[in-house]
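To start, the structure under review is shown below, and the notes come after it.
The values are calculated or read from the model by the stated rules, or taken from the named source; none is laboratory data. Only a predicted model underlies this, so the values are computations on that prediction, with no experimental measurement involved. Keep in mind that these areas ignore ligands, DNA and RNA; they rest on the heavy atoms of the full protein, side chains included. Shrake-Rupley method; radii C 1.70, N 1.55, O 1.52, S 1.80 Å.
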Amino acid sequence: MTPMETLMSEHSRVVPPPGEIKDTARLLLELADDPQDVRTVAGGGEFVVPAELADAYHRKVSAPKGRATTSKKGDA
């Protein structure tokens, strides 16, 4: 097994949505136990992280967001 195959067997690739590389990096670093767990690949456009960090990231971004409600003026 090559070093890259070993790395990828224990790690996952996170591909940010278009235009969200910085936000993805911030969230991954926030969730990581060690900042060195977050590595960039593909010219900085993708991340390779431990599998459990990738799972935590996907749970966080997939979590339902609270629904904002607005009140109409005159209602009361």
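At 0.36 nm per residue, and after removing the present C-alpha to C-alpha distance, how many nm does the segment from Glu30 to Arg59 gain when stretched out fully?
Numbers: separation 29, 0.36 × 29 = 10.44 nm, distance 1.38 nm.
This chain segment gains 9.1 nm when fully extended.
Considering only protein heavy atoms and a 1.4 Å probe, what is the carbon-and-sulfur percentage of the accessible area of segment 18-57? Please list the in-between numbers first.
Working: 1150 of 2460 Å².
About 47 percent, which is the carbon plus sulfur part of the accessible surface.
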